[in-house]
Every structure is written in C-alpha cells, then in structure tokens.
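Enquirer: This structure is in structure tokens; I'll ask about it shortly.
The numbers here are math on the coordinates, done by the rules we state, and not lab data. Because the structure is a prediction, the values reported are computed rather than measured. Virtual Cβ from ideal backbone geometry, glycine too; neighbours counted across all protein chains shown.
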Amino acid sequence: MNTENHSQTAAFLWSIADLLRGDFKQSQYGRIILPFTLLRRMECELAPTKDEVIKQTFAHEGRPDTVREMFLRRATGHLQFFNASPLTLATLSNTQTAADLTSYVQAFSTDARDIFEHFHFEGFVQQLARANLLYQVVQRFAATDLSPERISNFGMGLIFEELIHKFSESSNETVGEHFTPRDIARLTTSLVITEQDGKLAPNSIVTIYDPTAGTGGFLSEGNGYIQSISNKVTVSLYGQDINSESYAICKANMLIKGQDITSVKLGNTLSNDQLAEKSFDFMLSNPPFGVEWKKIQKQITDEYTEKGFDGRFGPGLPRVSDGSLLFLLHLVSKMRDPRDGGSRIGIILNGSPMFTGGAGSGESEIRRYLLQNDLVEAVVALPADMFYNTSIATYLLVMSNRKSADRIGKVQLIDASTIYAPMRKSIRNKRKFFAEEQVAEIIKLYEAFKDGSNSKILFNTELGYQSITIERPLRLSFSVTPTKLAAYERFKGSEQVELLGKVKGWFDNFPDFLIAAGIKSLTQGAEKAVLACFGERDPNAKPMLKNNGEFIADIYGRKLVSVPLSQSVEDYFDREIRPYAEDSWLAPPSGDKTDRKIGIIGYEINFNRFKVQGQIERLESQYKSYSSSSLGHLAMAVIDGGRVEQLLHRENSLYFNKKGSPRVKSVLNVDSKSHKDYIQVVIGKEAVADYIVTFFHSELGALCLAACMQGVTVKYFRSDDLDRIVVALPSLDEQKEIVNTSRKLKSLKEAIERFDSEVALNPTSSSSLNHRLDGMLEVIGRLTVEDKIRNIIRMGETDVTELKSSFSLDIKKQEKADYIEDASLKTVVAFLNTDGGSLLIGVSDDGELLGLNDEINRFHKGSKDKFLLYFKNKLKSRVGEQYYPFISTKLVILDGKNVLWIDCKSSVNPCYLYGQDFYVRTNPATDKLEGPKLVEYVKNHFGY
C-alpha cells in the first residue's frame with residue numbers, strides 16, 4: 001500500500017466520527033477511533049492463529065497467568081499479544097454488544113489490556129451503547145480490512161500516526177499538551193541524529209528515550225529517521241509519561257508497528273523514574289512549558305539535598321514555577337559515558353530556562369554546569385507560533401558529551417526565528433511550520449558550523465559573566481521646611497522639634513546640620529527619623545560616614561555590574577568603574593560559592609543580546625560619533641518605586657515599568673499609587689535622559705530592552721538588570737539635537753492630526769496647505785529613504801536582505817566582470833522567486849558603506865543616469881522586462897556615496913536568470929534549484 005492509500009485508509013477510519021456527531025464532543029472522537037483501530041488491527045493480526053490460541057487457552061486453563069501467557073503468545077507465532085476469546089468484532093451480538101465487547105477486550109494479554117484500560121475504553125463503550133451507536137461503530141470497524149497482508153506494520157504505523165495527528169488537531173481541550181508537532185519532531189530528530197554514522201553502523205543496537213513521551217511522536221520520528229538511514233540498525237525505544245491517555249496512545253502506536261512496548265512506562269518521570277539506572281544513546285524531549293513542580297517539591301528537594309551530584313539534580317534547582325530544567329538535568333543524568341559512545345540530547349524549551357535567573361540562582365547554576373562541562377552543542381531559536389497551545393518563542397537545545405573536535409569548548413547559536421513556511425490554515429496557535437526545505441536549511445546551518453547572519457559560534461565562556469556589586473557613598477544635604485518638620489513630628493512626636501525648627505539654610509553634611517540645630521546627641525531611632533525627614537540625596541553633598549570613618553553605602557546608588565569571564569574583576573573595576581566614580585568600591589562579600597573568587601558567576605543564553613551586539617557594532621561603524629554603554633554604567637542612582645513612599649522628581653531621570661511590555665518614560669504621573677510599578681534611574685552627566693527614552697522607542701532600542709526583560713509569558717524588569725541594557729550614545733550635543741528633533745516631530749504630528757480632523761471644514765486653506773505639504777513630503781521622504789537604507793544595513797544580511805559591494809566592478813582585479821553582475825542579478829531572481837527582498841549595491845557584507853562612485857566614474861563617465869540605464873538593460877536582457885512591475889530601483893546618496901537600492905516583490909510567475917537558471921532565497925543565501933526540487937518548488941510556490 002502506498003502513502004496515498006495510507007492517507008485514504010486513515011481518512012476512512014476517521015470518517016467513522018460522522019456517526020458520533022451530536023452525541024460526542026469533537027475532542028472525544030479520537031478517544032473512540034484510536035482504541036477501535038488498535039482493536040481491529042490486533043484482531044486482524046491474530047486471525048490466522050485464533051483457533052490455535054483458543055485451543056491452547058483450554059489446554060492451559062488453571063495454570064499461573066505468566067505461564068499461560070507464555071504458551072498463548074507462542075501460539076500466536078510470538079506476537080506481543082494474544083486474545084483468548086472466541087469472539088471477534090464481526091460476531092458481537094447486536095443485543096448485548098457492550099457486554100460482549102467488554103468480555104472480548106478483557107480476554108487480551110496483560111500489556112494489551114493495559115492500553116485499553118488507560119484509554120478508558122470501557123467507559124466510552126458504555127456511552128456508545130447509551131447513544132445506540134455501539135453496534136454501528138463495531139460493524140464499521142469489523143468491515144475494515146486492516147490485515148498484515150494488506151497493510152504492513154510500517155504502513156499501519158503511518159495510518160495510526162495520521163489518526164493521532166487528526167485527534168490532536170480536533171481536540172481543543174488537550175491539543176499541544178501531549179503532542180509535539182511533526183515538523184518540530186522532525187527537526188529535533190534530524191539535528192540530534194545527524195552525523196552519527198559511527199553509532200548507526202549496520203547490525204548495531206541503539207536506544208532512544210523520551211521522558212515526556214506524550215503520544216510517542218519523538219520516539220516514532222527517531223526510529224523512522226534511523227531506519228531511513230539503515231534498516232540494519234536495531235532501535236530500542238524507551239519512554240515515560242504522566243498522562244494515562246497519552247501513555248495508552250504511545251503504547252498503541254508502538255504495538256501497532258510491532259515494536260516492544262514493555263519499556264514505555266506510566267508515571268511522573270521526575271518523582272518516580274521507572275527507568276532508573278539506565279542510560280541511552282539518543283534522548284528527545286518536549287517537556288511542558290512553564291509548569292510548576294510544587295506538588296513534587298519534597299521529593300525533588302530531598303533528592304537534591306541527600307544525593308547532590310550523585311543524584312539527578314546536583315547542579316541546582318530552578319524556581320518552582322517552571323520544571324523544564326529538571327527534565328533537562330534528568331536527561332543529562334542518563335547520558336552514557338563518552339568512552340562508551342556518549343549520548344546526544346534534543347530538548348525543546350521556552351525562554352525562561354535560557355536566560356531567567358541572575359548569577360547564583362538555580363537556573364544560572366544549571367546553565368553553568370552544562371556549559372562548564374561542555375555539554376551544550378547548539379541552541380536553535382525557533383519561530384513563534386510553532387506550537388498548538390502557545391505562541392511564545394521556543395528554543396531547541398542540542399547537547400552532547402562527545403563533541404566533534406571542532407565543536408569542543410564552543411556553542412553554536414542558530415537563529416531560525418525567520419525560517420518557516422506559513423500554514424494555509426492555522427490550528428489554534430500554530431500558524432507556521434517547517435517544510436522539508438526549512439528543515440534542510442537549518443541542518444545546513446548546523447553542519448556548516450560557521451559565523452553568519454543566522455549562526456554565531458561562541459566559546460562557552462562568552463555566555464558567562466561575573467556579577468559584582470559596586471557601592472557608592474550616601475550623600476545627603478539637609479534643610480528644614482514646614483513640610484519636613486511636620487513629617488518628623490509624625491515620626492517622633494515633639495522630641496527635638498523646637499531645636500530643628502530654628503535651623504535656617506542648607507547644609508552639605510550631617511554633622512554641620514546637627515551643630516546648627518544645637519543637637520549634641522540623638523537616639524538611634526531619632527537619628528533615623530532626622531535622616532529620613534530632613535536629608536535629601538544630593539550628588540554635591542559630602543559623603544555620610546560611619547563612626548569608624550568608613551563611608552555609609554547608598555542603597556539606591558548600589559549597582560550590579562556584569563564583568564566578562566575573560567576579564568579580571570579588579571582590572572575591570574579599575575578601568576571601567578573607578579575613573580567615573582572615584583569614591584566607589586567593590587562590596588564585600590561578593591564571592592562565588594563555587595570558586596570563592598570575587599564576583600558571582602552567572603550564565604545565560606540570550607539570542608537578543610547577540611542581535612543587539614551586532615546591530616550596535618554596525619551603528620558604530622556607520623556613525624563614528626556613536627559609542628555604546630550600559631545603562632547601569634550611566635546611572636547615578638536607581639530607586640525602586642516599590643521600596644519608597646513616592647518617587648521624587650530628579651533632574652535627568654527616566655522611569656521603567658517593572659512588569660509587562662517594556663515602557664520607558666521621562667516624566668512620571670503625579671499619582672504616587674502607580675509609582676510602585678516603576679524603577680527610577682537618575683542618569684549622570686555623560687548622557688541625556690530624554691535621548692535615552694527616545695532611543696528605547698526606536699526599533700534597536702526596543703530590542704535592547706527586550707534582551708534584558710525576564711520572564712516568558714509575563715515580562716518583568718529588575719533594577720539588577722540595568723547593567724546589561726545597552727544604549728547607543730552619540731555625542732552630548734547630538735543627543736540634545738536628537739531630542740529637539742523628536743519633540744518637533746511629535747508637535748508636527750499632533751498639529752497634523754488636529755488639522756486633519758478639521759480639514760473638511762476649512763476649504764479656503766486647503767490649496768495653499770497642499771503646496772506646503774508637497775514640499776514637506778519631499779524633504780521627509782528623502783530622510784525616510786535614507787533612514788530605511790541605514791536600518792537595512794544595520795540589520796545585516798537576512799532572508800530578505802542582501803548586500804553587494806559593486807555591480808560591475810571586480811574590486812580585487814579593478815576591472816569590469818560579467819560574473820560580478822550575475823551575482824547581483826541572481827539575487828534579484830531569488831527574491832522574485834521567494835518572498836521578495838531588498839538588494840543594496842555599494843555596501844560590503846559587513847555593512848561598510850563603499851558606494852558606487854568609482855564604478856560610475858570609470859564605466860559610465862560619471863553619469864548616474866547612464867549607470868541606471870546600463871543596470872536596467874542588464875535586467876532586461878538577463879532577467880526579463882516582464883518582471884519590471886515587481887522591481888523598483890533607486891540610487892540613493894548616503895554620506896556622499898551612491899548606493900543602488902533594488903526593492904523586489906514576490907513574482908506571480910517563476911523567474912530564471914538567462915531564461916534557464918532558477919534561484920531561491922534560503923536565509924541568508926541564494927541557492928540554485930534543479931531537477932525534482934525545482935519542479936516541486938514551482939508547483940508549491942506558484943501553483944503549477
């Protein structure tokens with residue numbers, strides 16, 4: 001039976017659901033069709049030996065169950081199951097169908113009966129009987145030929161998986177909880193098992209394990225992948241799942257393929273590992289996202305405390321709200337010794353395990369263990385909207401304890417967030433999927449193991465940092481006002497009020513203030529009250545001192561600073577901190593609990609941070625006046641609104657909301673009730689707070705903020721994260737100019753909106769205004785185009801962006817060359833054949849603005865018009881003028897240099913270079929398609 005017939009059989013079996021409509025929920029169809037399909041398949045397999053099994057049943061009646069089952073299995077020809085009943089679906093009575101069917105199922109062997117019990121099959125049988133549907137359903141299945149002579153085990157597996165897929169899509173209640181989308185399973189399996197020829201030699205035996213087996217998708221995909229490489233490899237499958245229905249489906253799926261089901265277990269993997277002491281070759285898992293482990297906290301904590309690294313959770317425990325990292329540690333504990341071949345792991349995680357938790361936290365310590373032991377091989381950022389039950393960003397972590405030589409000590413970050421195909425019809429949250437082309441593209445990036453726009457190779461230590469605490473002295477100035485005096489009186493009553501009320505003037509230190517008040521001594525409580533009521537933070541005041549002469553630390557001036565692991569904490573402090581804050585000091589104790597050195601070691605895997613780094617570097621290369629700095633470095637003081645009664649207005653301040661989508665303000669509402677939701681950052685003299693707010697409202701600034709927000713579903717921001725927020729800073733004068741321009745644009749926008757709402761009522765002014773608007777649009781249009789091109793350059797090469805140094809000029813040979821022209825034109829063809837894109841000619845791959853001035857002068861006598869005509873003629877002769885409607889060209893001047901901007905839309909017809917070569921865009925490269933791949937692509941993309 002071919003694949004098409006398998007699909008037809010699956011569709012026919014699923015069509016039995018038509019009988020169930022009205023009496024059962026859509027989410028219940030699979031719970032009836034799957035066990036009946038299993039039952040019918042088992043019945044067909046047992047048919048040739050049924051008489052012999054019945055004979056042996058009577059022959060061994062009264063013997064122990066284990067002995068009896070051994071003889072009955074032998075009678076089936078050594079199948080995994082048997083049925084000792086003379087009944088079949090076709091012979092069930094139409095008057096007592098439910099009783100007969102229950103009796104029939106109870107006559108199966110123990111493992112088979114276990115599957116039906118966890119399907120809760122008997123309950124559905126009773127429901128079908130009450131709806132007068134049972135006999136009809138039984139007859140439909142009895143009439144379906146699922147015999148091994150017609151359908152092989154492999155074919156039956158395809159049919160059953162198709163039914164599981166239909167069930168998962170139809171079940172609104174459980175979709176996504178226990179079913180990993182096929183495309184995700186295919187990608188994960190491919191990355192984990194690729195390049196493993198040594199393990200997959202003919203006649204070898206390998207094991208695959210999934211601790212969150214669900215319906216068995218990963219186990220099935222892993223087995224299928226290996227068999228496609230070599231059917232001479234024996235694959236043993238192991239799994240465990242907490243959900244009884246998923247457990248039943250997984251076992252049924254394996255049983256129907258003729259696979260051993262004894263190694264699939266039911267139970268909580270974390271609290272009751274039923275495959276303890278076992279290790280495996282390949283491990284695949286998609287643990288539930290963001291599920292708390294509070295119910296099993298005692299068992300986990302006990303194992304951590306009592307066994308340490310002899311148990312599974314020695315490196316640390318994550319917060320109770322997300323148990324994903326516990327599953328990861330569980331998998332690591334089951335890795336084979338590298339001397340015995342080692343193990344490879346593929347696990348799907350949300351963002352929280354990747355970067356939530358600061359230095360010293362459980363999450364960070366787990367990441368630290370994985371990276372310091374060189375277990376992480378690659379991390380793939382997946383697109384959003386890939387799963388049925390969530391739209392959040394997810395990551396695929398590939399791990400190995402036997403890396404190839406070139407990967408030792410390194411981690412590959414692959415950004416596949418823009419590599420996907422849109423689904424024709426969304427299924428709940430799943431709007432995107434990986435077709436074979438996308439899977440192949442990601443595998444290609446992995447195997448290439450090179451730096452590029454979608455791949456970054458890092459040393460493990462580059463993902464780590466040392467968190468140190470920088471203290472600044474508390475500086476308070478003092479004065480007495482009626483309001484302050486009243487506040488003090490509420491605190492301490494009449495004590496010292498008369499003396500304090502006589503104080504006049506302003507004091508830059510506490511002792512002078514007390515002398516002026518005539519106060520010789522204060523109780524500890526009174527001193528605290530005086531400081532709180534009359535003192536104000538003032539950078540120009542003298543430092544507050546303890547009795548022993550040491551500085552009193554300002555808790556609001558305290559900073560957490562992240563120092564790269566490759567640098568000495570002391571050297572970093574002397575170079576980056578002390579020159580800008582001479583009175584600062586390293587706060588003791590700040591030692592790491594593992595190595596006892598200054599600075600707490602932390603690790604995180606944050607893709608956004610590396611995106612930010614690349615774009616900041618491009619910005620700095622575009623504008624020489626720009627430099628980058630951390631917000632923590634720029635901050636003079638940081639005040640958490642949740643720790644004070646009210647945030648006070650301070651010059652050059654900005655405010656971050658602590659929870660939700662990141663928002664930055666330069667002015668905070670007077671209503672103090674909302675102040676608790678914000679963090680106030682007082683900026684030093686190196687920057688303008690209003691500029692920083694404007695920067696964070698830009699696309700790059702928003703990315704900088706997103707890179708440092710904690711949380712997955714609900715984002716939150718901590719004052720500790722300030723040091724990791726990067727800000728791109730021009731000179732102070734340019735910052736002020738940018739702020740001024742931004743204000744004018746806002747005023748202009750408001751004025752336009754006001755006039756637009758009244759334009760219909762002001763006909764006399766419309767004519768003159770039109771003329772002025774045309775002039776404004778021309779100016780702003782030029783600025784917009786330049787800004788857009790600069791932004792394209794800053795983003796770098798992607799699936800929709802390509803940069804070329806020249807059109808005709810071979811820069812190395814300094815001569816005109818056709819192949820250089822073809823390189824640009826094949827990119828145009830690729831954009832037309834894919835999803836469109838922008839080609840900038842006159843910009844190097846690394847974003848350097850080279851310009852086409854030299855080329856225009858040498859080959860076109862300095863005439864831009866001649867250059868554009870030449871380009872258009874090449875486009876016409878090599879690509880075709882019928883594609884002009886999909887291509888726009890513009891010669892733009894940036895910093896006095898000519899750049900050709902070619903903007904392409906997706907064509908409605910396939911396009912060929914020279915009428916014969918077909919190219920497509922595969923992020924961020926251009927690939928040529930030929931043969932069957934070309935035919936298939938044209939059929940899928942263009943519809944013919």
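Enquirer: Please report, in debye to the nearest 20, how large the charge dipole of the chain is about its Cα centre when each Lys and Arg carries +1 at its beta carbon and each Asp and Glu carries -1 there.
Expert: The calculated dipole for the chain is roughly 980 debye.
Enquirer: Additional query: Given all pairs of different Cα atoms, what value in angstroms does the Kirkwood hydrodynamic radius of the chain take?
Expert: Final number for the Kirkwood radius of the chain is 33.3 Å.
Enquirer: Antiparallel DSSP bridges in the chain: what percent, to the nearest 5?
Expert: Of those bridges, close to 75 percent are antiparallel.
Enquirer: Taking the Cβ of residue 34 as the centre, find all other residues whose Cβ is under 13 Å away and add up their charges (Lys, Arg: +1; Asp, Glu: -1). Could the numbers behind the result be given before it?
Expert: Values: positive: 31, 40, 41, 166, 251; negative: 161, 162, 245.
With Lys, Arg at +1 and Asp, Glu at -1, the net is +2.
Enquirer: Additional query: What residues qualify as long-range amide H neighbours of residue 834, i.e. H under 5 Å apart, gap of 5 or more or another chain, H built at 1.01 Å from N?
Expert: The list, which skips near neighbours in sequence, is 907, 921.
Enquirer: Just the number, please: Stokes-Einstein D of region 867-944 in µm²/s, Kirkwood Rh from C-alpha pairs, 10 °C, 1.306 mPa s. Display every interim value, and only then the final one.
Expert: Working: Rh = 14.3 Å.
Approximately 111 µm²/s, per Stokes-Einstein.
Enquirer: Calculate for the chain the 222 nm mean residue ellipticity that helices alone would give, adding -39,500 (n - 2.57) per DSSP H run of length 4 or more and normalising by residue count, nearest 500 deg cm²/dmol.
Expert: Using -39500 (n - 2.57) per qualifying helix, the result is -12500 deg cm²/dmol.
Enquirer: Please report the net charge: other residues with Cβ closer than 13 Å to the Cβ of residue 138, K and R +1, D and E -1.
Expert: 0
Enquirer: State, as an integer percentage, the relative contact order of the chain based on alpha-carbon contacts under 8 Å between residues 6 or more apart.
Expert: Reported as a whole number, the value is 7 percent.
Enquirer: Kindly provide the trypsin sites (Lys or Arg not before Pro) of region 155-251 that DSSP labels as loop, not H, G, I, E or B, and whose Cβ sees at most 12 other Cβ atoms within 10 Å.
Expert: In loop regions of region 155-251 (DSSP not H, G, I, E or B), the sparsely surrounded trypsin sites (Lys or Arg not before Pro) are 232.
Enquirer: Can you divide the C-alpha Rg of region 364-446 by 2.2 N^0.38 Å and report the result to two decimal places?
Expert: Here the Cα radius of gyration is 1.27 times the empirical estimate.
Enquirer: Taking the Cα atoms only, what angle lies between the long axis of helix 864-878 and the longest principal axis of the chain, rounded to 10 degrees?
Expert: Once rounded, the angle reads 0 degrees.
Enquirer: Can I ask one more? If you wrap a convex hull around the Cα atoms of region 201-313, how much volume per residue is inside, in Å³? Can you show the working numbers first?
Expert: Numbers: hull volume 12.6 nm³, N = 113.
Dividing the Cα hull volume of region 201-313 by its residues yields 112 Å³.
Enquirer: From the P(r) of region 473-537, could you give the percentage of C-alpha pairs in the tail past 20 Å?
Expert: When all Cα pairs of region 473-537 are counted, 13 percent exceed 20 Å.
Enquirer: Here is a follow-up. Compute the distance from the alpha-carbon center of region 783-851 to that of region 195-271, in whole Å.
Expert: One Cα centre to the other: 47 Å.
Enquirer: Can I ask one more? At a temperature of 37 °C and a viscosity of 0.692 mPa s, determine how fast region 790-942 diffuses translationally according to Stokes-Einstein, using the Kirkwood radius over alpha-carbon pairs as Rh; express D in µm²/s, rounded to the nearest whole number.
Expert: 209
Enquirer: Report, as a whole number in µm² per second, the diffusion coefficient that Stokes-Einstein gives for region 593-709 at 10 °C and 1.306 mPa s using the Kirkwood radius over alpha carbon pairs.
Expert: It diffuses with D of about 99 µm²/s by this estimate.
Enquirer: Roughly how many Å is it from the Cα centre of region 733-759 to that of region 439-472, as a whole number?
Expert: The distance from the Cα centre of region 733-759 to that of region 439-472 comes to 41 Å.
Enquirer: Taking the chain as the reference, fit the longest principal axis to its C-alpha atoms, fit the long axis of helix 362-372 to the helix C-alpha atoms, and give the angle between the two in degrees, 0 to 90, nearest 10.
Expert: It is inclined by approximately 80 degrees.
Enquirer: My understanding is that a pair violates if its Cα-Cα distance is over 32 Å; which of 659/749; 559/665; 199/298; 232/933; 659/736; 295/659 do that in this structure?
Expert: Flagged as over cut-off: 199/298.
Enquirer: Over the alpha-carbon set of region 1-173, work out the extent along each principal axis and list the three values in angstrom, largest first.
Expert: 47, 39, 27
Enquirer: Here is a follow-up. Around residue 858, with a cut-off of 14 angstrom between Cβ atoms, what is the net charge of the other residues, counting Lys and Arg +1 and Asp and Glu -1?
Expert: Within the 14 Å Cβ shell, the charges total +1.
Enquirer: So if each residue of separation counts as 0.36 nm, and I subtract the Cα-Cα distance between residue 406 and residue 881, what length gain in nm does that give?
Expert: Gain on stretching residue 406 to residue 881: 166.2 nm.
Enquirer: Cα-Cα over 23 Å: which of 813/876; 528/685; 425/611; 611/788? Don't jump to the answer; show the numbers that get you there.
Expert: Working: 813/876 27 Å; 528/685 31 Å; 425/611 31 Å; 611/788 18 Å.
Pairs exceeding 23 Å: 813/876; 528/685; 425/611.
Enquirer: Which angle from 0 to 90°, rounded to the nearest 10, does the C-alpha axis of helix 524-534 make with the longest principal axis of the chain?
Expert: 70
Enquirer: What trypsin sites (Lys or Arg not before Pro) in region 599-633 are in a loop by DSSP, with at most 14 other Cβ atoms within 10 Å of the Cβ?
Expert: Taking region 599-633 and a limit of 14 other Cβ atoms within 10 Å, the loop trypsin sites (Lys or Arg not before Pro) found are 624.
Enquirer: I'd like the Kirkwood hydrodynamic radius of region 288-423, using the inverse of the mean 1/r over distinct C-alpha pairs, in Å.
Expert: 15.9
Enquirer: Note the full-extension length gain between residue 628 and residue 524 as 0.36 nm times their separation in residues minus their Cα-Cα distance, in nm to one decimal.
Expert: 33.0 nm
Enquirer: A follow-up question, please. Given a Förster radius of 56 Å and the C-beta distance between residue 566 and residue 483 as r, what FRET efficiency does 1/(1 + (r/R0)^6) yield to the nearest 0.05?
Expert: After rounding to 0.05, the efficiency reads 0.60.
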